[in-house]
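First up is the structure itself, then whatever we jot down about it.
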Amino acid sequence: MIPTITLNDGLEVLATGFGTYKLKGQAGVHALQSAIKSGYRLLDSAYNYENEGTLGRAIRETAVPREELVVTSKLPGRYHHYQDAVEAIQESLFRSQLDYFDLYLIHWPNPIQGHYVEAWQALLDAKKWGLIRSVGVCNFLPEHLEVLEKETGVLPSMNQIELHPYFNQEEQRAYHQEKGIQTQSWSPLARSQELLDQDVIQSIATRHQKSSAQIILRWHYQLGSISIPKSQNPQRQKQNLDIFDFELTADDIDRINQMTEPDGRRKNQNPAEYEEF
Ligand code: A2P
């Protein structure tokens, strides 16, 4: 059984989801279909992954009812002006052939461009119109979340950030917790075989009789973050959900936390400087 987590607006989601970055076309449909069969119900995508059509197709071809799925997409940086954002959400829906998204997130704050409050207002309106059930963000730093709160009085239900053992995001997670924002981890395995091979992870894995990936995904869960591992392999998809029958000790968690590095081996730039389009 995968535990559920209730977001600050009441939406219930599973504690582990499925990432789809770079999953596209027929191979993407197959990967998503096997993920849904394995038990994934929280499915992540983005306008800029160019796979909302893939996701919609996989959903239409499974026997799982739409209302059991929590489907996420994300607004690109080039559409932060209000009307552009509204139309982008509609285009995401047209491509996926869905009537609504469960979660729609602003993909990056693009603070230099500086229109993310307008984008946020569009997401809040789209929620009122029934196009989205829950509104969130990705890659927002506390300074950007503070602006949303000050300007609109509404904080996101979720902030999806880069989070893995090399980048444990301790301060950002503490801020989310204080504000009631759910943390979600992108690249939970750091897209790194080298991480899976690290002695610290392997020794903990041997003791718990689990794989390295399972140890890391369990670490995310015990930190209180929803991870969205991606795998095209049905066995690894199943394995990545099989993390709810054991518990890491406080010492295991400390040792994994200590793998964090000052630059976090970031997969992308600091959101304070990065502009996504
Ligand atoms: P594959 O699709 O061949 O399983 P991240 O989620 O951090 O972006 O990492 C995704 C990468 O991790 C993919 O390349 C995926 O490869 C690999 N991966 C996912 N799950 C596992 C696992 N349980 N063991 C080993 N590698 C995994």
**Request:** Determine the shape class of the range 105-193: with a ≥ b ≥ c the square roots of the Cα gyration tensor eigenvalues, call it rounded for a/c under 1.5, and otherwise prolate if a/b is greater than b/c, oblate otherwise.
**Result:** prolate
**Asked** Once phi is turned into ³J(HN,Hα) by the Karplus curve 6.51 cos²θ - 1.76 cosθ + 1.60 with θ = phi - 60°, what whole-Hz value does each residue of the range 131-138 show in order, with x for glycine and proline?
**Response** 7, 9, 8, 8, 10, x, 9, 9
**Prompt:** Using helices alone, what [θ] at 222 nm do you get for the chain, with -39,500 (n - 2.57) per DSSP H run of 4 or more residues, divided over all residues and rounded to the nearest 500?
**Reply:** -12000 deg cm²/dmol
**Asked** If you count the DSSP beta bridges with both ends in the chain, what percent of them are antiparallel, to the nearest 5?
**Response** 15
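What is the ratio of the Cα radius of gyration of the chain to 2.2 N^0.38 Å, where N is its residue count, to two decimals? List each step's numbers first, then the result.
Working: Rg = 17.9 Å, N = 277, 2.2 N^0.38 = 18.6 Å.
Ratio of Rg to 2.2 N^0.38 Å for the chain: 0.96.
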**Request:** Among the lysines, select those whose C-alpha is under 26 Å from the C-alpha of Lys238, and discard any that sit fewer than 8 residues away in the same chain.
**Result:** Lys22, Lys24, Lys37, Lys74, Lys210, Lys230, Lys267
**Asked** In whole percent, what relative contact order does the range 127-277 give with Cα contacts below 8 Å and a gap of six or more residues?
**Response** 24
**Request:** Tell me which residues come under 5 Å, amide H to amide H, from Trp186 once H is placed; ignore anything under 5 positions away on its chain.
**Result:** Ile161, Glu162, Leu163
**Message:** Could you tell me the center-to-center distance, by alpha carbons, between the range 245-262 and the range 1-63 in angstrom?
**Reply:** 28
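Charges only on Cβ, +1 for Lys and Arg, -1 for Asp and Glu: so what's the dipole of the range 4-182 about the Cα centre, in debye to the nearest 20? Numbers along the way, then the final one.
Details: 16 positive and 23 negative charges, 125 e Å.
Its charge dipole is roughly 600 debye.
Relative contact order for the range 4-182: what is it in percent, counting Cα pairs under 8 Å that are at least 6 residues apart?
18
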**Complete:** If each K or R counts +1 and each D or E counts -1, the residues other than Glu149 whose Cβ falls under 15 Å of its Cβ total -3
**Request:** Can you tell me how much longer the chain between Glu247 and Lys37 gets when fully stretched, taken as 0.36 nm per residue apart minus their C-alpha distance, in nm with one decimal?
**Result:** 73.1 nm
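Coordinate-derived values only; no laboratory data. The shown structure was predicted, so the numbers you read here are calculated from the model rather than taken from an experiment. Methodologically, a virtual Cβ is constructed for each residue, glycine included, from the backbone with ideal geometry; neighbour enumeration extends over all protein chains shown.
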